[in-house]
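A short reminder: the numbers here are calculations on the coordinates, not readings from a lab. The structure presented is a predicted model; accordingly, all values stated were derived computationally and were not measured. All Cβ positions, glycine included, derive from the backbone under ideal geometry; neighbour counts span all protein chains shown.
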Amino acid sequence: MPDTCFGAQTFVNPHQTTLMTPRLFTLLLLLCWASTTGATTLRIEAEQYDDMRGIQLENNGSTVGYFDTGDWLKYEGIDWEAGYHSVAFRVAKANYGGFVEIRLDAPDGLLLGILTPSKTADWTVFEMQSTALAPAEGQHDLFLVARNAAGACNLDYFELRTTPLTTPNWVLRWSDDFEGEAIDESVWTKTHHGNPHNGELQFYTPRPENIVVSDGSLKLIARRETYTGQGPGMDAPATRQYTSGKIESYGKWSVRYGKIEARMKLPRGKGTWPAFWLLGDNIFDSGIGWPRCGEIDIMEHGQDFDHLGGAIHTEAYNHLQGTQITGTYAIDDYDTDFHTYGLIWDQDQLQFYVDASPYLTITKDNTGNREAEWPFDQPFWLILNHAVGGAWGGTPDDAQYPHTVEIDWVRVYEDQPLTHTQAPPEESFPAPYPNPSSGRVHLDLPGSPSDCILYLYDKNGREWLATQAHAKRATYDWSDLPSGIYLLTVYHRGRFLQSHRLVLE
């Protein structure tokens with residue numbers, strides 16, 4: 001069970017700034033050769049724009065702030081003949097959502113790439129964040145356009161780079177969409193145990209009163225009822241005043257590295273403590289146990305109704321010592337809508353996100369690489385549970401029970417890098433429906449919605465909307481747009497994916 005309690009710690013890596021004058025572009029192109037790689041880098045200070053809309057200068061004029069939706073920055077006469085393949089921005093950001101478009105010659109000009117800035121520790125804490133660019137030729141004005149957020153980010157400087165940006169090629173390795181009428185017992189085991197941890201109050205049972213698969217989702221239901229039972233590993237029967245559901249993949253299925261996601265709708269009520277988390281496969285080995293095995297809490301939600309959390313626990317970093325590493329994410333409709341809670345995990349870092357918005361990154365460089373600090377180089381098994389009460393759940397309000405956690409799906413992706421002889425796989429997505437539509441449009445996007453941007457253009461090419469996709473399967477309300485024929489276009493990580501004709505009535 002997740003043992004994350006109070007306190008939070010987020011690691012960041014601010015870089016030092018060396019100011020350079022970006023106006024002499026040709027000279028910079030000649031001087032900015034990286035001696036070890038032969039790559040060309042053109043650095044431009046954000047405040048050295050030629051024109052702008054809406055921004056303000058901060059830090060004695062050395063950075064750009066108040067870069068909100070619809071605002072833009074213009075940098076004239078960029079020579080693209082060097083062959084820039086990526087751009088790195090030094091950004092600060094203390095909120096969630098929003099993205100920055102990289103366009104040529106106009107705020108609605110040719111789209112070269114999209115940066116979705118990750119949250120940093122504060123509006124004054126800057127980090128380097130990168131995105132890929134489509135190729136361009138000749139001389140053009142460069143426009144940076146903020147979309148979909150008040151405070152898309154603050155900017156210090158950015159670097160156009162000839163070095164291609166290596167991005168993961170996520171391939172679906174395993175998924176459970178909870179179709180049918182029962183869990184897949186080749187993957188999951190229903191927990192039957194009544195000696196909970198962390199001061200919790202529930203007895204986990206495998207009964208249909210607590211674990212249900214129906215209508216394409218898994219339901220873990222917490223109930224206020226007196227229950228007496230004796231599950232495996234219990235020395236004697238126990239009686240509890242609450243029951244609930246928990247499934248786990250120990251001994252059947254585990255994962256080491258990748259992208260791990262679950263689409264969930266959570267309850268709102270005192271005493272509920274749902275979680276989606278992982279434990280190291282070696283937990284039951286002699287001399288290991290918890291926390292030495294390692295724990296990754298992708299999502300847990302307790303009595304702080306407005307925040308969800310992610311965390312790790314290790315021998316060196318755990319709540320028993322007050323050294324746990326946690327992060328939180330503010331969200332207000334977790335109980336009325338599904339959201340995707342995810343983790344990107346590799347040999348060097350763990351990045352936690354909600355609906356493609358990262359909120360906590362933990363790196364091996366920051367924690368240390370000893371087993372006590374970083375046990376995350378082994379397989380871990382998956383757990384979905386709905387606890388009652390306890391350290392994070394708080395005192396239950398009995399009048400509000402039963403409570404249900406609903407899980408639409410769980411998915412695990414593997415990064416399979418492309419070789420130089422391979423082309424990126426072509427992805428497509430079904431046409432939006434209903435079509436024609438009165439304004440509420442349902443979309444099924446391919447794979448994860450991470451880094452997907454949706455655009456609506458009318459038949460004259462005018463752009464009416466640009467927004468981030470917020471789920472793989474979601475309904476969007478565009479009823480405020482004028483009736484007519486539109487082109488719905490999707491970009492993924494700055495690259496064109498597909499377009500569909502859409503009629504709004």
Prolate/oblate/rounded call for the range 172-415, Cα gyration tensor, a/c under 1.5 rounded: rounded
Run the helix sum for the chain: -39,500 (n - 2.57) per DSSP H stretch of 4+ residues, divided by residue count, reported at 222 nm to the nearest 500 deg cm²/dmol. -500 deg cm²/dmol
Between E137 and T226, the FRET efficiency computed from the C-beta separation at R0 = 45 Å comes out, to the nearest 0.05, as 0.05
Sequence of E47, E463 once ranked by neighbouring C-beta atoms within 10 Å, starting from the fewest: E463, E47
Take K265, K119, K252 and order them by how many other Cβ atoms sit within 10 Å, fewest up front. K252, K265, K119
If the viscosity is 1.306 mPa s and the temperature 10 °C, what Stokes-Einstein diffusion coefficient in µm²/s follows for the range 65-120 when Rh is the Kirkwood radius over Cα pairs? 123 µm²/s
Treating the beta-carbon of each Lys and Arg as +1 and of each Asp and Glu as -1, no other charges, what is the dipole magnitude of the chain about its Cα centre, to the nearest 20 debye? 300 debye
Net length gained if the chain between D50 and S438 were fully extended (0.36 nm per residue, minus Cα distance): 135.4 nm
Listing C293, C452 from the residue with the fewest other Cβ atoms within 10 Å to the one with the most, what is the order? C293, C452
Projecting each Cα onto the charge dipole of the chain (Lys/Arg +1, Asp/Glu -1 at the beta carbon, about the Cα centre), which of L360, G309, G233 comes out farthest on the positive side? G233
Cross-link candidates for K219: which lysines have Cα within less than 27 Å, leaving aside residues fewer than 8 places away along the same chain? K190, K246, K252, K259, K265, K270, K472
All other residues with a Cβ under 15 Å from the Cβ of G271 taken together, and with Lys, Arg as +1 and Asp, Glu as -1, what is their net charge? -2
With only Lys, Arg, Asp and Glu charged, each at its Cβ (+1 for the first two, -1 for the last two), find how big the charge dipole of the range 25-161 is about the Cα centre; round to the nearest 20 debye. 440 debye
